[in-house]
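Student: Okay, handing you the structure first.
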Amino acid sequence: MCITLSLSSKPCIGVCNGSLQLPKSMVTTAQTEVITAPKRPNTFPGLTKQGISDIDLRVQEVVRRQSWTNSLVREVNCRKSRIEPMFIDDAYEKCRNICAEYAKTFYLGTLLMTKERQKAIWAIYVWCRRTDELVDGPNAEYMSPAVLERWEERLQDIFEGRPYDMLDAALSDTVFNFPLDIKPFRDMIEGMRMDTRKSRYESFQELYLYCYYVAGTVGLMTVPVMGIEPESSVSAYTIYNAALYLGIGNQLTNILRDVGEDALRGRVYLPQDELAQFGLTDKDVFSRKVTDAWRDFMKEQIIRARSFFNLAEEGASQLDKDSRWPVWSSLILYRKILDAIEDNDYDNLTKRAYVGRTKKLLTLPLAYTRALSKPSLHLR
């Protein structure tokens, strides 16, 4: 089927057809927290001020570019997508089916969103899944730097209105309808490159950067689609940070859940210096024996993951009310995965913590209740 697109000479920075609401005040300075100890609120162990500032600058840049209140919007004509309506409807339907099959709980949470937002979130999910499968999917054995280079070229084509296939077309249409910036998408591809080059992380600072690339970026991608509650008085930067923390918390939880599986592939996504603090090495991971030292180490890792969820929770109620349900579903579900690791007596070397289907479904009413809560005037 023929796809016809018409582009203006300059990229669109604002919303073409969306109704995204952003607070008037935009943050102008980077966050200055120094991250030091695991049990203090709003702090994370092992991350230096220099490390957090690097991520802060990325968030500031994305907030600026994705803000439709940016003054540059007035100077540019938005691009208009001219993809055949029947074709794009089929593309979004395919994205919906993939999301419903592989992310059932999250998919159900999207059903309260407006139709346009639903479709955009499904398209972003599918692109992220396809990107991840380049490294971890069934064809991962064919992975090479050239594959990722070509994937990044395809991403650029998507943002310029030249989709390669039907699934690309769904994201390309989403780019025209919402103020998405390409940077978080490129950063996710950089995370895939890290996966092909690194199998160890010397410190949490290194691991945090990896988590930003492969998961924190998802939060930055989706905030413009989900929208911000008009009554929210906090800065867009604060809410973007909360979304980033949710992604990082999710990735840390995935890492803790999959320690045993990753070890079978020769990978250890745990800070080497922190393992050493508990008298542990890679050999202890590969031995698959749960010791008291391992349990103590895991307890601290779980504390850290939960601290990210606590910060993410503070921003969840600042989103547009129709978009909160899937975010709360994710928050609650991933916290339950951490609970399951504890229930397994911290044995994530021979057991995989999981949340059963019934428990997953039971999270939906609770998430819905939390989604109805009104945003507070100020975050802590």
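Rule-based calculations on the coordinates, nothing more; no lab input. Everything numeric here is computed off the predicted structure, so don't read it as measured data. Counting neighbours? That spans all protein chains shown, and the Cβs are built from the backbone with ideal geometry, glycine included.
Student: May I ask for the net charge around Gly216, where only other residues with Cβ less than 11 Å from the Cβ of Gly216 are counted and Lys, Arg are +1 while Asp, Glu are -1?
Tutor: Cβ neighbours under 11 Å give a net charge of 0.
Student: Please say if the stretch 300-380 is rounded, prolate or oblate, where rounded means a/c under 1.5 for a ≥ b ≥ c the square roots of the C-alpha gyration tensor eigenvalues, and otherwise the choice is prolate for a/b larger than b/c and oblate otherwise?
Tutor: oblate
Student: Oh, and also: Under a point-charge model restricted to the Cβ atoms of Lys and Arg (+1) and Asp and Glu (-1), what is the dipole moment magnitude of the stretch 265-323 relative to its Cα centre, in debye to the nearest 20?
Tutor: Roughly 400 debye for the stretch 265-323.
Student: What list of ³J(HN,Hα) values in whole Hz, one per residue of the stretch 341-350 in order, does the Karplus curve 6.51 cos²θ - 1.76 cosθ + 1.60 (θ = phi - 60°) give from phi, with Gly and Pro shown as x?
Tutor: With coefficients 6.51, -1.76 and 1.60, one gets 4, 5, 4, 7, 6, 6, 8, 9, 8, 10 Hz.
Student: Also: Around Tyr201, which amide H atoms from residues at least 5 apart in sequence, or from another chain, sit under 5 Å from its own amide H, with H modelled in the peptide plane?
Tutor: Leu270, Gln272
Student: Still on this structure, I have one more. Per-residue counts of other Cβ atoms within 10 Å, averaged by peptide: what ranking do you get for 157-169, 239-251, 121-133, 290-302, highest first?
Tutor: 239-251, 121-133, 157-169, 290-302
Student: Could you derive backbone 3J(HN,Hα) for the stretch 265-279 from the dihedral phi with the Karplus parameters 6.51, -1.76 and 1.60 (θ = phi - 60°), listing whole Hz in sequence and x where the residue is Gly or Pro?
Tutor: Karplus values, whole Hz, x for Gly and Pro: 9, x, 10, 10, 8, 10, x, 4, 5, 6, 4, 4, 4, 9, x.
Student: Still on this model: If we sort 365-372, 183-190 on the protection proxy, mean other Cβ atoms within 10 Å, highest first, what's the order?
Tutor: On the way: 365-372: 15.0, 183-190: 19.9.
Taking the mean over residues of other Cβ atoms within 10 Å, the ranking is 183-190, 365-372.
Student: Give the residue from Val135, Trp151, Gln118 lying farthest towards the positive end of the charge dipole for the stretch 114-154; charges sit on Cβ (+1 for Lys and Arg, -1 for Asp and Glu) and the dipole is referred to the Cα centre.
Tutor: Going by the charge dipole, the pick is Gln118.
Student: Show me 214-221, 314-321 ranked by packing, highest mean number of other Cβ atoms within 10 Å first.
Tutor: 214-221, 314-321
Student: Distance between the C-alpha centers of the stretch 123-161 and the stretch 92-108? Whole Å please.
Tutor: 19
Student: Go through the stretch 218-231 residue by residue and turn each phi into a ³J(HN,Hα) via Karplus (6.51, -1.76, 1.60, θ = phi - 60°); whole Hz please, and just put x for glycine and proline.
Tutor: Result, ordered by residue: 4, x, 5, 5, 8, 4, x, 7, 5, x, 10, 3, x, 7 Hz.
Student: Is there a quick way to get the dipole size of the stretch 306-380? I mean about its Cα centre, with the Cβ of Lys and Arg at +1 and of Asp and Glu at -1; what is the value in debye to the nearest 20?
Tutor: 220
Student: Enumerate the amide H contacts of Leu319 below 5 Å, restricted to partners 5 or more residues apart or on another chain; note that Pro and chain-start residues carry no placed amide H.
Tutor: Glu229
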